[in-house]
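What follows is a set of notes on a single structure, which appears directly below.
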Amino acid sequence: QVHLVESGGGLVQAGGSLRLSCAAFGRIFSSYAWFRQAPGKEREFVAVITWYTGTTDYADSVKDRFTASRDLAKNTVYLQMNSLKPEDTAVYYCAATATYYSVSAHKESLYNNWGRGTQVTVSS
């Protein structure tokens, strides 16, 4: 069965770090993205990484603080989050698609495989 499993969320103080993981089971996808949804807000794009080249792109709000990466052997992508701020508090979702897109693929509709999400809470 094809599915994604996120892990690594938790509670951290402002300025701290967390690393999220997204393990893919059942197949290899061409593009992965991270989205997040804060309470009362719409889900928004955070980062994208292409599987075969490792090319990345980020939302302006997280650029220079978050880093996406992947481990080919583990079929897993990561989101390293540094210098966390209270406004980063959200449920973070991993999404993937078998279709190759460039790193401009920021739209939710392009991704047809989603994890259940992991909560990240940043206290001030």
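The values are calculated or read from the model by the stated rules, or taken from the named source; none is laboratory data. All values derive from a computational prediction rather than experimental measurement. Backbone-built Cβ (ideal geometry, glycine too); neighbour counts: all protein chains shown. All accessible areas refer to the heavy atoms of the entire protein, side chains included, with ligands and DNA or RNA removed. Shrake-Rupley method; radii C 1.70, N 1.55, O 1.52, S 1.80 Å.
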Exercise for the section: Taking residue 123 as the residue in question, decide whether it is under 11 Å from the mean Cα position of the chain (by Cα), loosely packed, with under 15 Cβ neighbours inside 10 Å, at pLDDT 95 or above and under 17 Å from residue 17 (Cβ atoms). Expected result: no
How many residues of segment 54-104 are touching a helix residue (DSSP H, G or I) at 6+ places or on another chain (Cβ under 9 Å) and among the polar types (S, T, N, Q)? The answer is 3
When every residue in segment 26-36 that is in contact with a strand residue (DSSP E or B) (Cβ under 8 Å, 6 or more places away or on another chain) and either open to solvent by 70 Å² or more (accessible area, probe 1.4 Å) or of a type in the set (Gly, Ala, Ser) (or both) is compared, the one nearest to residue 92 (Cα to Cα) is 33
Of the listed residues (73, 68, 59), the one being surrounded by fewer than 19 Cβ atoms within 10 Å (Cβ to Cβ), among the aliphatic types (A, V, I, L, M) and closer than 22 Å to residue 2 by Cβ is 73
A careful count of residues in segment 102-124 that are within 19 Å of residue 76 (Cα to Cα) and without any contact (Cβ under 8 Å) to a residue 24 or more places away in the chain gives 1
Filtering segment 37-82 down to residues that are within 21 Å of residue 13 (Cβ to Cβ) and modelled with pLDDT under 95 yields 39
Checked segment 34-92 for anything acidic (Asp, Glu) and either assigned to a strand (DSSP E or B) or farther than 22 Å from residue 122 by Cβ (or both); matches are 44, 57, 71
